[in-house]
């Protein structure tokens, strides 16, 4: 019997008389004994799998997490995997160990820390899960948190906190604006007070001289107005009448 193994795959040989052979058959065409030997094909390429888990945080908040895993089997351990777990090893192993690791890691953090320290959480999950999967003959090429949500109560509490922070920020802005307006009014009042003080000081320093100056200016204005009137006659000083009357 001629059997072919495609690229990226490996085969484990099951012998009806000797059981599973401790030999992994690589890519290409191979000869098998009909009715005695049977190939079991495994895909050894990296494959993705999403594992959803519901667990609890350190502060007892419900957390919904979805983990995306890129996995592949260790090639030389395929006979052991087939014998102890089976062809559907990923279905049997990944959900259980993922739940186990996520529950352990998430329980170390509060709900708020899961958000602010998400990268740290993802790294710890990846390290612990990779180590755990290796005991089953699995290699994890990538582990990432693709979904992270919380219970309704925690979500509402976070939203209320955000609203409160926005209102506090708005109130702070109003207070700062009022303070600026107050400072502007104080500066304006101080300027008016200083101007009035300067005027008062000038008047005090000028004294009677300023009063006399204002009188002269007023007299000049009156004389100018009288000079323009035809009904006004100026008499020379010391003369009582305009003409000398005969005796």
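Details
- Unique residue being touching a helix residue (DSSP H, G or I) at 6+ places or on another chain (Cβ under 6 Å) and not assigned by TED's automatic domain parsing to the domain that holds residue 83 when the list is 10, 16: 10
- Looking only at the range 1-21, and only at residues there that are surrounded by fewer than 12 Cβ atoms within 10 Å (Cβ to Cβ) and not in a loop (DSSP other than H, G, I, E, B), the one that is nearest to the chain's Cα centre (by Cα): 19
- Among the residues of this structure, residue 86 does not count as one that is touching a helix residue (DSSP H, G or I) at 6+ places or on another chain (Cβ under 6 Å) and either in contact (Cβ under 8 Å) with a residue 60 or more places away in the chain or within 25 Å of residue 43 (Cβ to Cβ) (or both).
- The residues on offer are 151, 56, 137, 86, and the sole one that is at pLDDT below 95 and on the phi > 0 side of the Ramachandran plot is 86.
- When the strands (runs of 3 or more DSSP E) confined to the range 30-96 are screened for residues that are more than 20 Å from residue 10 (Cα to Cα) and in the same structural domain as residue 139 (by TED's automatic domain parsing), those reaching at least 3 such residues are found at 47-56, 62-73.
- So residue 123, is it loosely packed, with under 15 Cβ neighbours inside 10 Å and on the phi < 0 side of the Ramachandran plot: yes
The values are calculated or read from the model by the stated rules, or taken from the named source; none is laboratory data. Remember, predicted model here, so these are calculated numbers, not experimental data. Don't worry about glycine lacking a Cβ; one is built from the backbone with ideal geometry, like all the others, and counts go over all protein chains shown.
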